[in-house]
1. Filter the stretch 1-37 for residues that are small (Gly, Ala, Ser) and closer than 17 Å to Ser59 by Cα; which is modelled with the highest pLDDT?
2. State the number of residues belonging to the stretch 4-33 that are of a type outside the set (D, E, K, R) and loosely packed, with under 12 Cβ neighbours inside 10 Å.
Amino acid sequence: MPIVLGGSPEAPDNLDLLPWGGRRGERRKELLTAKLKRCVCEGRMTLSDAQAAIAGNWSAHYAGFGSAPCDGDRGMAPTGNDGS
């Protein structure tokens with residue numbers, strides 16, 4: 001779990017080294033993390049939804065999210081309890 005999304009700097013899993021490039025590379029993971037943080041800070045996504053997106057198959061979320069705003073219709077989890 002990235003630190004900016006509530007992860008612990010002392011957690012061994014946060015020391016996962018990834019190659020910078022490629023479909024599952026650190027560059028894409030960092031971009032997704034920044035987008036998720038922005039969505040949470042703007043109130044467009046809950047922190048738990050952002051954590052679930054990055055903790056699971058984050059590369060699939062990256063592909064669905066693209067460069068779109070965090071509006072829930074691009075492969076990201078919805079923010080409301082009613083699915084909106």
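The values are calculated or read from the model by the stated rules, or taken from the named source; none is laboratory data. Keep in mind that this is a model prediction, so the values were computed, not measured. Note: ideal-geometry Cβ built from the backbone for every residue, glycine included; neighbour counts use all protein chains shown.
1. So, considering only residues that are small (Gly, Ala, Ser) and closer than 17 Å to Ser59 by Cα, the one modelled with the highest pLDDT is Ala34.
2. 10
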